[in-house]
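First the structure, in the form of structure tokens, and then the observations on it.
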Amino acid sequence: MTEPTSTGLDARLASVLCYAGWWVTGLVFLFAERQDRGVRFHAAQSLLLFGLLSAVMFVSGGASAVAFFVARPSFQLLQVAGNVVWLFAVALWLVLLLRTWRGDTWRVPFVADLADRIVG
């Protein structure tokens, strides 16, 4: 067992919880955790990655709602695209949860470098 973090949680559990609630728990742990750099990295990576994916899904849903009234063929295409993004996001979320629980630090390409900047 590792030392507790400034939140009082085990570092591995805190890192997993950073991903548990997508970008929301990432945001919470980014501000709550002050000592453990690893937990802060996972929090920043979760905030950036799932914040971006949530924004893409939100825009896709809004665009498909508009397309429903304006251009029906585009509606179906946008719905399929939104569903693909959602499935990708859920798969990525599960992989990050499981790998983090095992103690691995998986650095998502492009996002990890930005997370390092936030933590550093």
**Prompt:** Does Gly61 qualify as being under 21 Å from the mean Cα position of the chain (by Cα) and farther than 21 Å from Ala115 by Cα?
**Reply:** yes
**Request:** Could you please give the count of residues in the range 24-42 that are buried (at least 21 other Cβ atoms within 10 Å of the Cβ), charged (D, E, K, R) and modelled with pLDDT of 90 or more?
**Result:** 2
**Message:** Given the criteria at negative phi and among the aromatic types (Phe, Trp, Tyr), does Trp22 qualify?
**Reply:** no
**Prompt:** Do we find a residue being free of Cβ contacts under 8 Å to residues at least 40 places away in the same chain, in contact with a Gly (Cβ under 8 Å, 6 or more places away or on another chain), farther than 30 Å from Gly82 by Cβ and crowded, with 16+ Cβ neighbours inside 10 Å anywhere in the range 10-23?
**Reply:** yes
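Residues checked against (1) over 15 Å from Val39 (Cα atoms); (2) assigned to a helix (DSSP H, G or I):
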| site | (1), (2) |
| --- | --- |
| Leu77 | yes, yes |
| Ala81 | yes, yes |
| Val85 | yes, yes |
| Ala89 | yes, yes |
| Leu94 | yes, yes |
| Arg99 | no, yes |
| Arg107 | no, no |
| Ala112 | no, yes |
| Asp116 | no, yes |
**Prompt:** Does the range 56-77 contain at least one residue that is crowded, with 16+ Cβ neighbours inside 10 Å and closer than 30 Å to Pro4 by Cβ?
**Reply:** no
**Asked** If Gln45 satisfies every condition in (1) in contact (Cβ under 8 Å) with a residue 60 or more places away in the chain; (2) outside any helix (DSSP H, G or I) but one, which is the exception?
**Response** (2)
**Asked** Any residue in the range 73-81 that is at pLDDT 80 or above, in contact with a Phe, Trp or Tyr (Cβ under 7 Å, 6 or more places away or on another chain) and β-branched (Val, Ile, Thr)?
**Response** no
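The values are calculated or read from the model by the stated rules, or taken from the named source; none is laboratory data. Computed from a predicted structure; not experimentally measured. Here Cβ is always computed from backbone atoms with ideal geometry, including for glycine, and neighbour counts include all displayed protein chains.
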